1. Can you tell me the mean projection area, over all orientations, of the convex hull of the chain's alpha carbons? Units nm², please.
2. Spelling out what I want: for every residue of segment 313-321, take phi, set θ = phi - 60°, compute 6.51 cos²θ - 1.76 cosθ + 1.60 (Karplus), and round to whole Hz; glycine and proline get x.
3. Angle, helix 342-362 long axis vs. longest principal axis of the chain, Cα atoms, 0 to 90°, nearest 10?
4. Which residues' amide hydrogens lie under 5 Å from the amide hydrogen of Y155, considering only partners 5 or more residues apart or on another chain, with H built in the peptide plane?
5. Helix-only mean residue ellipticity at 222 nm, the chain, DSSP H runs n ≥ 4 weighted -39,500 (n - 2.57), per residue, nearest 500. What is it?
6. Using Cα atoms only, what is the angle between the long axis of helix 163-174 and the major principal axis of the chain, expressed in degrees (0 to 90) to the nearest 10?
7. Which whole-number percentage describes the relative contact order of the chain, with Cα contacts under 8 Å and a sequence gap of 6 or more?
8. Which entries of K163/K259; K163/K332; K105/K257; K125/K409 have Cα-Cα distances beyond 29 Å here?
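Taken together, the values in this text are just the output of simple stated rules run on the coordinates, not laboratory data. Keep in mind it's a predicted model, so treat the numbers as computed, not measured.
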Amino acid sequence: MASEKVETIIAGNYVEMEREEGHTKGDKRKISNLLWHGGSVYDAWFSCASNQVAQVLLTLPYSFSQLGMLSGIMFQLFYGLMGSWTAYLISVLYVEYRTRKEREKVDFRNHVIQWFEVLDGLLGKHWRNTGLFFNCTFLLFGSVIQLIACASNIYYINDNLDKRTWTYIFGACCAATVFIPSFHNYRIWSFLGLLMTTYTAWYLTIASLIHGQVEGVKHSAPITMVLYFTGATNILYTFGGHAVTVEIMHAMWKPQKFKLIYLVATLYVLTLTLPSASAVYRAFGDLLLTHSNALALLPRTRFRDTAVVLMLIHQFITFGFACTPLYFVWEKFLGVHDTKSIFKRALTRLPVVIPIWFLAIIFPFFGPINSTVGSLLVSFTVYIIPALAHMVTFAPAVARENAVERPPKFVGGWIGLYSINTFVVVWVLIVGFGFGGWASMLNFIRQVDTFGVFTKCYQCPPHKA
């Protein structure tokens, strides 16, 4: 009975919203709503899967060249499972927070709940400030990475301009995401984005198999500890895309149904990442150590050009995914989050894009920057903080007794759940942040020493006379 009551509370405001919008817009807007306004389980799944496997798809073969085939596969499976677990924890904390607030008659119809607000409501301002810092910094650099990826990819079909110039151009293009109000409005984009990455993944797989192994190919990995842990943290980053979990849940009509969505999305993503990374690494081996973008090694064909164009569009979408929570934070800071004017909100959002643009020009290190962000930011944002927050929230016996979402039986109840959370915290703190941070920072500094900041064309082949 209790769970049924909670579900009614959680879903109530969304049903109300949909009815109000339906009456005001009329039947002529049904097609627009079908493409633009999503909140179903399927929308959430497309958002999670599309967001998780963006440009990192092109850098995973590079990670395999650092880790070796076996370690690359094992780390993908391991971090995929761990990421799904912490996404589940975030969803539990969101439902707990929202249920408590709606019992207090708080109305969220014109307000998007974010992760730092969940931490604030359940654990206080210190947790809120910590979560806000890590989440915003990660999403900032996540947006930077998408912008770098745009310039890196377009260069392989048009090298008349250097990558820095392309970064200027795509920075202006990505600024258009300020006009997308919320994750409700990514329905068609999420669907198309997943189709695009699916095409690219299978292009990489099939093209590498047809190409065959290059003459004298070597598979030396793992060579050094630095390269090994750098590759591992890129995979940690790959399956740490759930920094926007709360915003995706809030866009759902029934957020309590989110529980297994991220796991199912991860399973689909693995069908893309494992074959493509394995096939490219098998074909090119150690050459990938100096070519962090897998597209650089494949011969130019119309199929490769199609993959480049589709990834460019997808990176625009993923830029929006990463930047939208930052827009929300900035709107709340300026006090315009509740306004219904799209243009007013868009104007206030524009300053958020400027530092992203600037950082992408300073550090255009496609590949190495992923590992650095993974070890220093993703490790805390989506692994350590959610696991610790869940343990502290339900530490009191009364909190466990009144929990909206109890631990699944197959994990062994509360004892099993706390054991898993403790393992996640210890593992990521030591391996992800400790060894990974050390390795990725050394590799990142090496890129700065080799290429310098503000480099015009990172890893570009010399032009033929």
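1. Seen from a random direction, the Cα hull of the chain projects 22.7 nm² on average.
2. Calculated HN-Hα couplings, in order: 5, 5, 5, 4, 5, 5, 4, x, 4 Hz.
3. So the helix axis and the longest Cα principal axis differ by about 30 degrees.
4. Residues meeting the criterion, in which the H sits 1.01 Å from N, do not exist here.
5. After summing the helix terms and dividing by the residues of the chain, the value is -22500 deg cm²/dmol.
6. That works out to roughly 20 degrees.
7. 31
8. Exceeds cut-off: K163/K259; K163/K332; K125/K409.
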